[in-house]
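A.B. asks: The structure's right below; bear with me while I get my questions together.
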Amino acid sequence: METPRVGKLFDLSGKVAIVTGGSRGLGLEMAEGLGEAGAAVVITGRRESFLQEAEAHLRSRGIEVLACQGSVADPAAVAELVRVTRERFGRIDILVNNAGITWGAPTLEHPLEKWQQVLETNVTGAWLLSQAVCRAMVEQGEGGRIINISSYAGLQGTPQAVMPTVGYNTSKAALIGLTRTLAVHMAEHGILVNAICPGFFPTRMTRGILEAAGDQIAAAGVPLGRIGRPGELKGVVVFLASAASSYITGQVIPVDGGMTAW
């Protein structure tokens, strides 16, 4: 049996991808990567202005894109996102659960309402959309890909002085559990489920931490001695979305410069 050429393995032409939180930062970068590999991309976000800018950016790069405003924690918005995507493109092949929020507070003082808000978006939102998309993929009968964006903070504890984010860290660990469980449950349908755990990248969410302790983190916490650079997640998400990863499911890939290798 002849094996596909490498270029074909990474080709996403004809595929349709949803990227939540795709209007800026790492989500936009991953949407761009999937689009550059040939996929049509649906991006979601809560702020219309960011969505419009992202949609224009992706379209300027020759990517077929649709922007949908809404919160992944809202079941009605999730149902509408799936409906609109299938109505526009006829199918869903790839889901990147990237939408997430955080809240910083000392662990002993962390407000319950903020804990619930973080878990509702980061975990419940990912679950709601994964369930809805998996139903669509099962109906299509051609398998699919779910890629959950966790964090290095979901793999290990973090110093409270740097990341007083117990709710966020817990939510990212929960995403890893969701990844492994869905991978086992969806395997019979050919739906592969994996997770990416980024380390520190320059984003709106990490701006405060990096301004306060970026040099210290890079020097003492990262074997490569630097934080992540723009573009260093593109290849990983395309790999997990493509035929190149057809025998990989239930796995967690840190993209952290070696932070979790200490």
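The values are calculated or read from the model by the stated rules, or taken from the named source; none is laboratory data. The structure displayed is predicted, hence computed values, not measured ones. Heads up, the Cβs are rebuilt from the backbone with ideal geometry, glycines too, and the neighbour counts pull from every protein chain shown. Note: accessible area is taken over every heavy atom of the protein model, side chains too, but ligands, DNA and RNA are not part of it. Shrake-Rupley method; radii C 1.70, N 1.55, O 1.52, S 1.80 Å.
A.B. asks: Taking the range 158-178 on its own, how many of its residues are part of a helix (DSSP H, G or I), open to solvent by less than 40 Å² (accessible area, probe 1.4 Å) and not small (Gly, Ala, Ser)?
C.D. replies: So the answer is 6.
A.B. asks: Might you check whether a residue that is open to solvent by 50 Å² or more (accessible area, probe 1.4 Å) and either modelled with pLDDT of 95 or more or closer than 20 Å to Asn122 by Cα (or both) occurs anywhere in the range 211-224?
C.D. replies: yes
A.B. asks: Which one of these is of a type in the set (S, T, N, Q), within 19 Å of Gly22 (Cβ to Cβ) and either open to solvent by 20 Å² or more (accessible area, probe 1.4 Å) or in contact with a strand residue (DSSP E or B) (Cβ under 7 Å, 6 or more places away or on another chain) (or both): Ser242, Ser151?
C.D. replies: Working: Ser242 fails: either open to solvent by 20 Å² or more (accessible area, probe 1.4 Å) or in contact with a strand residue (DSSP E or B) (Cβ under 7 Å, 6 or more places away or on another chain) (or both).
One residue alone meets the criteria, Ser151.
A.B. asks: Another question, then. Give just the number: which of (1) surrounded by fewer than 21 Cβ atoms within 10 Å (Cβ to Cβ); (2) within 30 Å of Ala132 (Cβ to Cβ); (3) β-branched (Val, Ile, Thr) does Val193 not satisfy?
C.D. replies: Going through (1) surrounded by fewer than 21 Cβ atoms within 10 Å (Cβ to Cβ); (2) within 30 Å of Ala132 (Cβ to Cβ); (3) β-branched (Val, Ile, Thr) one by one, Val193 breaks only (1).
A.B. asks: Please specify each residue of the range 125-151 satisfying the condition of being closer than 24 Å to Phe201 by Cα and either touching a Cys at 6+ places or on another chain (Cβ under 6 Å) or of a type in the set (S, T, N, Q) (or both).
C.D. replies: Asn148, Ser150, Ser151
A.B. asks: Can you pull out the residues in the range 211-262 that are part of a loop (DSSP other than H, G, I, E, B) and of a type in the set (D, E, K, R)?
C.D. replies: Of the residues in the range 211-262, the ones part of a loop (DSSP other than H, G, I, E, B) are 222-233, 242, 246-251, 256-258, 262.
If the condition is that a residue be part of a loop (DSSP other than H, G, I, E, B) and of a type in the set (D, E, K, R), then Arg226, Arg229, Glu232, Asp256 are the ones that fit.
A.B. asks: Can we say Gly235 is within 14 Å of the chain's Cα centre (by Cα) and surrounded by fewer than 17 Cβ atoms within 10 Å (Cβ to Cβ)?
C.D. replies: When the stated conditions are applied, Gly235 passes them.
A.B. asks: What are the residues in the range 38-57 that are under 17 Å from the mean Cα position of the chain (by Cα) and either touching a residue at least 60 places away in the same chain (Cβ under 8 Å) or open to solvent by 20 Å² or more (accessible area, probe 1.4 Å) (or both), if any?
C.D. replies: Those that are under 17 Å from the mean Cα position of the chain (by Cα) and either touching a residue at least 60 places away in the same chain (Cβ under 8 Å) or open to solvent by 20 Å² or more (accessible area, probe 1.4 Å) (or both): Ala39, Arg46.
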